[in-house]
Amino acid sequence: MINGLKQHPTLLLIRKQYEMLGARDRLILKWIMAGLVVALVYFAAWQPASHYKMNAQMDLKQNQKLLALVASNREALSNLAKQSQNNRSTLDSQQLVSSVTNLAKRNGVLLKRFEPSGDNKLKVWLDNASFDKVVTWLTIMKQTLNITVEQISIEKDEAPGLVSARLTLSS
């Protein structure tokens, strides 16, 4: 391949013109070629690598500052999380029963049966209840008292818009 390249007409022409130059011109041409090679290496390899390294160092410094900030505020963030958990008051069984039954009466939902189930849980049975009223009642309980539905089973009744349901509520 190298021999084929040496025999290429363009390269032969360039070599012939190079040999026709004087010694001083050849020396200048060699220095120009060396300068071009150095410039090519600098702009194609060294400069991009240098910029990449500089950007990586700046990113590292920014990330270290962020890590230091998070580490210095870790205790404050932890205390804030604990306070928010403590502020979310949970209802005991008696308060849960009272709150659920009062809200049910206010929203026109007739409870067939209810029974406390473990800590802060209440099982509730409904028969022939208006679906719209049940949904409104559950929404109000969630928004005002943070009472959530853990489990629900709803069956439609023969009359339109009425349902029977079994729910497990928790605070």
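The values are calculated or read from the model by the stated rules, or taken from the named source; none is laboratory data. Model, not experiment: these values are computed from the prediction. No Cβ is skipped: glycine too gets one built from the backbone with ideal geometry, and neighbour counts run over all protein chains shown. Surface accessibility is based on the protein's heavy atoms, side chains included, excluding ligands, DNA and RNA. Shrake-Rupley method; radii C 1.70, N 1.55, O 1.52, S 1.80 Å.
Check cross-link reach from LYS61 to the lysines: straight Cα distance under 29 Å, and skip same-chain residues fewer than eight apart.
Correct list for LYS61: LYS53.
So how much accessible area does MET54 have, in Å² to the nearest 10, using a 1.4 Å probe?
90
Among THR136, ALA71, GLN47, which residue has its Cα positioned farthest towards the positive end of the charge dipole of region 35-171, with +1 placed on the Cβ of Lys and Arg, -1 on the Cβ of Asp and Glu, and the dipole taken about the Cα centre?
It is GLN47.
What lysines sit close enough to LYS6 to cross-link, taking a C-alpha to C-alpha distance under 28 Å and skipping anything fewer than 8 places away on the same chain?
The qualifying lysines are LYS16, LYS30.
To the nearest 20 Debye, how big is the dipole of the chain about its Cα centre, given +1 on the beta carbon of each Lys and Arg and -1 on that of each Asp and Glu? Could you put the intermediate results ahead of the total?
Numbers: 22 positive and 13 negative charges, 213 e Å.
Result for the chain is approximately 1020 debye, rounded to the nearest 20.
Accessible surface of LYS133 in the full protein assembly, 1.4 angstrom probe, to the nearest 10 Å²?
100
In terms of Cα to Cα distance under 18 Å, which aspartates and glutamates are near enough to LYS65, apart from those fewer than 8 places away along the same chain?
GLU75
Just want to confirm a number: the relative contact order over region 88-171, from Cα pairs under 8 angstrom separated by 6+ residues, in percent.
Worked out over region 88-171, it gives 30 percent.
With angles folded into 0 to 90 degrees, how steeply does helix 131-145 sit against the dominant principal axis of the chain? Use alpha carbons for both and round to 10.
Tilt of helix 131-145: around 70 degrees.
What number, in percent, do you get for the relative contact order of the chain if the mean sequence gap of Cα pairs under 8 Å and at least 6 apart is divided by its residue count? Show your work: numbers first, answer last.
Values: 146 pairs, mean separation 25.2, N = 171.
For the chain, the relative contact order is 15 percent.
Going by alpha carbons, how many degrees (0 to 90, nearest 10) lie between the helix axis of 93-106 and the longest principal axis of the chain?
Once rounded, the angle reads 80 degrees.
Which residues does the label zone of LEU36 cover in region 1-16, counting backbone N under 20 Å from a point 7 Å along Cα→Cβ?
5-16
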